[in-house]
Structures are given as C-alpha cells and as structure tokens.
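Take a look at the structure set out below.
The values are calculated or read from the model by the stated rules, or taken from the named source; none is laboratory data. Owing to the predicted nature of the structure, the values given are computational and were not obtained by experimental measurement. Here the Cβ positions follow ideal geometry from the backbone for every residue, glycine too, while neighbour counts run over all protein chains shown. Just the protein is used for accessible areas: all its heavy atoms, side chains included, with ligands, DNA and RNA removed. Shrake-Rupley method; radii C 1.70, N 1.55, O 1.52, S 1.80 Å.
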Amino acid sequence: MWKEQKEFDCIVVGGGPAGSTFARVAAEGGLSVLLLEKDRDIGVPVRCGEAVSDAGLRIFHEPDPRWIASTINRIRLIAPNETVVEFDLQQKGYILDRRIFDYDLAEYASSAGAQIVTKAYVDDIIIENDRVVGVKGTHVGERFEKRAKIVVGADGVESRVGRWAGLKTTVKLKNMECGFQKTVTGIDVDEHMFEFYLSKKWAPGGYLWVFPKGKNKANIGVAISGYYAKDGKSAQKFLDEFLAWKYPKASVLTTVVGGIPIDKTVKQMVMDGLMLVGDAAHTVNPVTGGGIVPGMRSGLLAAETAVKALHNGGPARKNLAAYEKEWHKIGGKNHERFYRIKETIFRFTDDDLNRIADGISAVPTDDRSLLKLFSIAVRKKPSLLFDVIRVFAGL
Amino acid sequence: MIEIAENKCDFCGCCVGVCPVNCIEVKEAEISVDHDICIDCDICVYVCPIEVLSQTDPRKSSKAAA
C-alpha cells in the first residue's frame, strides 16, 4: 500500500472536487496516483454554499439524486431598497450535499485505482534541480516523504504547494471574499429559488445568499470583499445581523467559514513536476463565486495533460503547459471576462443596485434573464457589454 | 504582533491564502503564525470571517481598537 510505495506518477495534495477529479482521470489514464487529504474525512468540513448548475455538473457526471438537496429553477434578487425581482432560470441548478458529493468523487477516484489517504498533512515539497519531485508531511503523527513525477496542488484557498514551488498564488486582499454561512432550519423558504441580497448594507463587495435545502432548511451565507472587511466588520457580524432581522427564530445546524478567491486564474499553473488545480489555481468564477465546476474542469484538463505527458515525454513544464493552454482556451477567456465584470460591479453603490433592480423590473417577466440583468448592470460601462453577452448568453 | 484566538478558529485557511509572506500554517485543527517571518501587515486580521486574528499593537491596527 501507500506506506511501502516510495514513488508515484502523481501525488495530489487535497481531496476536494478538483483533486478527486484529477485523481480519477489520471488513474483511468493508467497512472499511479496518491491523493493526500489533511482532514480526517473527505468532504468535511464543508466550505461551500453548495450551489451548482445542472449543465456544469453534467460535464462530468449524471447528477445522482443522493447529492441533491434541492433543485432550483428560479432566481430572486433583493435590492438595497428591498425591491424584489424574480425570474426563471433558463438552466436549472442544484444545492448539493457536498459531504455526499465529495465522498462519491473520491470513491470514483479510488475505484479507478487511485490511493486515497486522509489525515495526511503535507507541509513541504521536495525540489531537486529546480523541479518538484515529491512531498513531505505527517500522517497520524508519523513523518513521510514520497516522490512523484508530478505533484498536484489541489490544496484550495491556502495554495501553499504552489507558493513553496515559487508560483504566485497569494490572493490580493480585494480579491478574497470572506465567507460565513449557517445551515439553518425552522424557517420558511421557497425550495426552488436562489435568493440573493445585494447591498453594501448586507454584503459589501459580495452578496448574501439564501440557498434552500428543502422547504424549511437553507444555506444562508454572506461573502464580503476583503477590501471592505478592512473597515472592521466581519462576515460573521454581517450574517448574524441579517439572520436576527430576517429569520430570528432559525435554528443553526452547521456553521461554515471560508475564503473564496475571486482572482484571475494564476498566470503560471504548471512548472517542472508541478500542476495547480481548483481554488489553488484561482479557478473560481469571479462573478458568481462558484468554484465546484471550474475546479473539476481544471482537474480534468490537468489530468488529461498529465496522462499524455507521462506516457510521452515526461513531467517537464513544456509538456505540462498544454493544460494551461487548454484552460485558457476552454474556460480562461470567460474567466477573464467574468473578472472584468466583477471589477465593475464590485464598485456599485446601493443606488446603482437599486437602479439595476428597477431596470430589470421594467422588463416583462418572460423576457428576464441573467443576460438582461447584467446588460442593464453594465449600461454605464458599455465596453463591458460584449463580455456580458459572451458569458451570459444561453444562461 | 498578530494574536490568535485559537479556540475560536475554524481552520478555514482564508488567512493563509492572503498572507504575502506565507507565515501562517493551518492544519486540521491547529493554527500558528511564524512571528519571525510575519511583517504585521494585518491582512489576515481583515479577512478572517470570524475575527480569530487580531493585532495586539494598537498603533499598527485600525481593527484592534474596534
């Protein structure tokens, strides 16, 4: 087993959706894969609002009913002046149960032949002649050192693997969303509705969400920009104020804390013997904050490249760079568009947000869509309209 | 100096992601700051969603006094 085995084709650091997807695809491609997860349990603690689109999920898997807490087909936006705007989503979404979902993704990787080890904390990488050749860490109190042709940093928002290797993965303060969420029950919500509260009052530089998990249960969370967090009021305070106002009788089942990097994808995603995937590579959608599908997509692309590279040529940067190229071809351009849109909407005042809500209210219900909404949002900045059309057409 | 209220920490790693000098380490249920490397920039204090980190020197921090 892994303890005796000194060398692997790939060692993946982190067992979230990006890491597990990489591990599965690499193992299916005939590579020996070791996945190291620092926590005792895959998928726990959840650090996520758990929303995902049906179309996005289907790129990888037929949605399993066990993963799905609720199916969403409508969206409700609440403006700072409490104007409410609703419309149907052209594509349905889900609120997942990440504990079950992440478990299954890891299980798929394991069935494909990857070895998964929990409670394995990686605290350094091994570099020889400017190439990454392995990792060091502790497993249940015992030190270990393992070598790999490719080390994969799937270590989430912390992204230390990349930094140890000298890649620039540090997230700028303004591009870190500080997240705090409570899964609450004893409330009354529309179980098929995404609800977003947009206001400096509720969530400066971010948004507050109510994602239902059934009729009486929801993930209610807030993400505020680090830029505004600087003013001294934490995400927790924002959420607690909201809950006291809106759902004073709610019982709290779980508390979730976490940072969401809404940055441009890191310029350099690979180097000799190293690849970065998921949050660690900043693949999160900068407008929505959604990271599950882009993370899995990066894991898939990286693994496909790794399989080709190791069967043909080796783990040199020039062979791994195809992953960077593919990422930019498939998702990266859109990612940059989303980033530009985010940079503008991030600065909206409450008056701007009220104006947008009024604008979309004036559109007949059947005609409302995310494309319309964002087109109205960027009216003051027409140069962004093209970006909006490219990323929201069809959504 | 950055102080950690360890019993409050959820170990989410948000602070690690923004630390410009990579001086914070978060394990499954442990957090530590390497004060020899730390430059007291306070970015970790700002981003912490649940106010685990604080700057003990009030001259350096706007948030410590809050």
> In the stretch A:263-279, how many are under 10 Å from the mean Cα position of the chain (by Cα) and open to solvent by less than 10 Å² (accessible area, probe 1.4 Å)?
Replying inline: 1
>> Any residue in the stretch A:105-116 that is touching a residue at least 24 places away in the same chain (Cβ under 8 Å) sitting within a Cβ distance under 7 Å of a residue that is open to solvent by 40 Å² or more (accessible area, probe 1.4 Å) and of a type in the set (Gly, Ala, Ser)? List the pairs, counting only those 6 or more apart or interchain.
In response: A:116/A:110
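Yes or no, residue by residue, for (1) open to solvent by less than 50 Å² (accessible area, probe 1.4 Å); (2) under 30 Å from residue A:27 (Cα atoms); (3) part of a loop (DSSP other than H, G, I, E, B):
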{"position": "A:326", "(1), (2), (3)": "no, yes, no"}
{"position": "A:337", "(1), (2), (3)": "yes, no, no"}
{"position": "A:340", "(1), (2), (3)": "no, no, no"}
{"position": "A:344", "(1), (2), (3)": "yes, no, no"}
{"position": "A:366", "(1), (2), (3)": "no, no, no"}
{"position": "A:376", "(1), (2), (3)": "yes, no, no"}
{"position": "A:380", "(1), (2), (3)": "no, no, yes"}
>> Given the criteria under 19 Å from residue A:221 (Cα atoms) and either assigned by TED's automatic domain parsing to the domain that holds residue A:164 or of a type in the set (A, V, I, L, M, F, W, C) (or both), does residue A:140 qualify?
In response: no
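Can you tell me which residue is nearest to residue A:260 (Cα to Cα) among those in the stretch B:27-39 that are touching a strand residue (DSSP E or B) at 6+ places or on another chain (Cβ under 8 Å) and modelled with pLDDT of 95 or more?
Checking each candidate, the answer is B:31.
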> Can you find even one residue in the stretch A:157-167 that is assigned to a loop (DSSP other than H, G, I, E, B), closer than 30 Å to residue A:339 by Cα and open to solvent by 50 Å² or more (accessible area, probe 1.4 Å)?
Replying inline: yes
>> Quick check on this structure: which one of A:243, A:253 is in the same structural domain as residue A:181 (by TED's automatic domain parsing), touching a strand residue (DSSP E or B) at 6+ places or on another chain (Cβ under 9 Å), in contact (Cβ under 8 Å) with a residue 60 or more places away in the chain and not in a helix (DSSP H, G or I)?
In response: A:253
>> If I ask for residues that are in a loop (DSSP other than H, G, I, E, B), open to solvent by 10 Å² or more (accessible area, probe 1.4 Å) and either under 23 Å from residue A:175 (Cβ atoms) or more than 11 Å from chain A (Cβ to nearest Cβ) (or both), which ones from the stretch B:24-42 would you list?
In response: B:34, B:35, B:36, B:37, B:38, B:39, B:40, B:41
